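In what follows, a single structure is set out as structure tokens and then discussed.
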Amino acid sequence: MLPYLKQTEEQITTYIAGVSTETVKSSLRKERRDFQDLLNLISPAAEQEIEQMRSIAVAYRKMHYGKAVRLYTPLYISNKCVNSCAYCDFSIKNKSPRKTLTLDEIIKEAKAIKALGMDSLLLVAGEDPKSMSIEFLEQVVKEMKKYFSYLSIEIFPLDTEGYKRLADAGVEGLTLYQETYNQELYLELHPAGPKRDYLSRVDAIAHGGKAGIRTLGVGFLLGLYDWRSESASLAAHAIWLRKHFWKSKIQFSFPRITPVGTGFQAPAPVSDEELEQMMLAFRIVFPEADMTISTRESGKFRDKTALSCAGLLSAESRVTPGGYADAEDKDVGQFMLNDTRSAEQIKDDLKKSGLEIVIKYWDKCI
Ligand code: SF4
């Protein structure tokens, strides 16, 4: 469990298992909710109240985001990585050839993404200090700001100074998943590499907060461990971050393991119903938080949760470095995509559901 939590995992899981339908209803009647309410809403008892949870989530989504749904595109700048995460094809143990794009190649990718009509970019990279210096990243960010109004990063952890340099260069958002909050399992899944240090991984996002990064994205990898226990840790982590970095916005993601080339099997698979319950619970308890749903999920599931929970969707994702400029690129991808619709198709489908697509949602004026 998250080290900041006062309760033990056993206390939390025993509590969740014993929640009654009445307790769930009482959490749903409240105007402001806390950690305990999150536990109530992710409990098995809350499955009976899913319709009510859906309608409350829809109301909050409307209240905070109206009909707007924002789209962004990930750009993989490198699939080299010194870590050995068991669930990822970028692991150092996977001996397939890898590459880090040059600045010129990244610009080529940026132009190809721009041509798809996108204006928000997520820069993604494995951890490879040899080819990915802070100076290089800074240069990439500055260059990308010429093409995109909103930039976020999903890269290896940096210290406060490193994040500050990227924030000054134009980064507004940072995503750093804990993968699993279970410390024993974490060590098992991360046998070598700098990522093996559980505590420094937990604390890394706080460096982004200290550096003044505007959006702090947190999550765990769904399928590694019991989702209810992980959700409790995630919620506690978010509450801690909100308290310490109140100027930043919290963003939740719910990445679910999809098949990878290494054949890794999710030890604790999460069903669509469970994922929806989790997203609804977080939307209700953290009504002001951002929430994304990636192309790991099917188009049908994404369109459905965009109405009640998620306000931010990725589109046209290619998970290989160079995958936009070279559509035939057969390089190592990070995971399998389930929503392969074009950005245009995604926009059309979301519009049919009554949502309004927002491509440009950020302009720094001060
Ligand atoms: S999950 Fe991230 S750190 Fe782990 S192997 Fe993949 S790219 Fe590297």
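Every number here is computed from the coordinates shown, using simple stated rules; none is lab data. This structure is a prediction, so every number in the text was calculated from the model and none was measured. Every residue, glycine among them, receives a Cβ derived from its backbone with ideal geometry; neighbour counts consider all protein chains shown.
Before moving on, here are some points about what is shown:
- Here the spin labels are modelled as points 7 Å beyond Cα on the Cα-Cβ line, and at Glu344 and Lys6 they lie 5.7 nm apart.
- Cα gyration tensor of segment 77-133 - equivalent ellipsoid semi-axes, whole Å, descending: 25, 13, 10
- Other residues within the sphere of radius under 9 Å centred on the Cβ of Phe220, judged by their own Cβ, net out at -2 (K and R +1, D and E -1).
- Counting only DSSP beta bridges with both residues in segment 9-358, the antiparallel share comes to about 5 percent.
- Sequence-distant lysines (8 or more away, or on other chains) whose Cα lies within less than 19 Å of Lys142: Lys108, Lys111, Lys114, Lys164, Lys360, Lys364
- Sorted on the mean count of surrounding Cβ atoms within 10 Å across their residues, most packed first, peptides 64-77, 146-159 read 64-77, 146-159.
- The label point for Lys130 and the one for Leu187, both projected 7 Å from the Cα toward the Cβ, are 2.9 nm apart.
- Helix-derived mean residue ellipticity, 222 nm - over the chain, DSSP H n ≥ 4, -39500 (n - 2.57), to 500: -12500 deg cm²/dmol
- Compactness of segment 1-103 is given as radius of gyration and Dmax, 21.1, 58 Å, from Cα positions.
- Electrostatic dipole magnitude of segment 60-138 [Cβ: Lys, Arg +1; Asp, Glu -1; Cα centre; debye, to 20]: 440
- Straightening the chain between Glu288 and Tyr147 buys 47.9 nm, computed as 0.36 nm per residue apart minus the Cα-Cα spacing.
- Seen from His64, the other residues with C-beta closer than 10 Å to its C-beta sum to a net charge of +1, counting Lys and Arg as +1 and Asp and Glu as -1.
- Values of log10 I(q)/I(0) for segment 9-358 across q = 0.07, 0.10, 0.13 Å⁻¹ run -0.27, -0.58, -1.02, by the Debye formula with one identical scatterer at each alpha carbon and no solvent.
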